[in-house]
Amino acid sequence: MKKYRPPTVFRFVKRVFDVFTSLLTIIILSPILLIIAAVILLTDGRPIVFSQRRVGLDGKIFKCLKFRTMRKDTPPYLGKGEIEDPERYITGFGRFLRRTSLDELPQLFNILEGDMSIVGPRPIIAEELNLQRLRKEAGVYDVRPGLTGYAQVMGRNDLDDETKVSYDKYYLDHISIGLDLSIILRTFFVVLLRKGEHEGACVIQPDEDETEHK
């Protein structure tokens, strides 16, 4: 399949926007980031942030950062329906972080490093084999994964793999600054209303050697 790449000018503008927005957000939210880190440390110890291998641009693996929301005795990644009562592995504070999507904030540093973008298809783990295959066929890996994406504002966890990829493909085919701004605005409403957000889809913990103590 021929690779798709947005025009050079667009990619430059999008990258500048990503760097400026992520850096400004980190500065503005630094007190909140420090408070979250302190609460995790005081209530459940280290690690505060964990890194997890996810699939990025051109199908390359990168370490995606998140605030830790699950107990340290949580089993490694298990797919949909392969673990009973996943809620019991989520810490009390972690449940709040997940509901508000604040656990995703460390990915602002992934954006600064160039592994992610503000907007793009959400990065998945390699173990999601069906979604991985569908994304490869649709050419989704031709763009950087995002902190938020079109599929996320259209249904998040309520969508099956085929529908998610169809929305990712729509984004790829219609990518523009205007679409990115629209997705960012819609993300705020999705998070506030908690649309399509529920636990139990999968349990995701990094392998021990992938965890970075922060």
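The values are calculated or read from the model by the stated rules, or taken from the named source; none is laboratory data. A quick note: this is a predicted structure, and the numbers were derived from the prediction, not measured. So basically every Cβ, Gly included, is an ideal-geometry build from the backbone, and we count neighbours across all protein chains shown. Heavy atoms of the whole protein, side chains included, go into the accessibility calculation; ligands, DNA and RNA do not. Shrake-Rupley method; radii C 1.70, N 1.55, O 1.52, S 1.80 Å.
Results, tabulated for the structure shown:
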{"read-out": "For region 1-155, with +1 on Lys and Arg beta carbons and -1 on Asp and Glu, the positive-most of Ile111, Ile48, Phe93 along the dipole", "value": "Ile111"}
{"read-out": "Full-extension gain in nm, Ile61 to Asp160, via 0.36 nm per residue minus C-alpha separation", "value": "33.3 nm"}
{"read-out": "Flagged links, alpha-carbon separation over 30 Å, of Lys72/Lys169; Lys63/Lys169; Lys14/Lys72", "value": "Lys72/Lys169; Lys14/Lys72"}
{"read-out": "Calculated FRET efficiency for the pair Phe17/Tyr170, C-beta based, R₀ 22 Å, to 0.05", "value": "0.60"}
{"read-out": "Highest to lowest packing among 9-18, 92-101, scored as the average C-beta count within 10 Å", "value": "92-101, 9-18"}
{"read-out": "Accessible area per residue, Å², region 45-167 with all protein chains present, probe 1.4 Å", "value": "43"}
{"read-out": "Modelled FRET efficiency - R0 25 Å, Ile35 with Phe109, Cβ distances, 0.05 increments", "value": "0.90"}
{"read-out": "Contour minus Cα-Cα distance for Thr100 and Phe10 (0.36 nm per residue)", "value": "29.3 nm"}
{"read-out": "Estimated FRET transfer efficiency when R0 is 30 angstrom, pair Leu193-Ile28 (beta carbons, to 0.05)", "value": "0.85"}
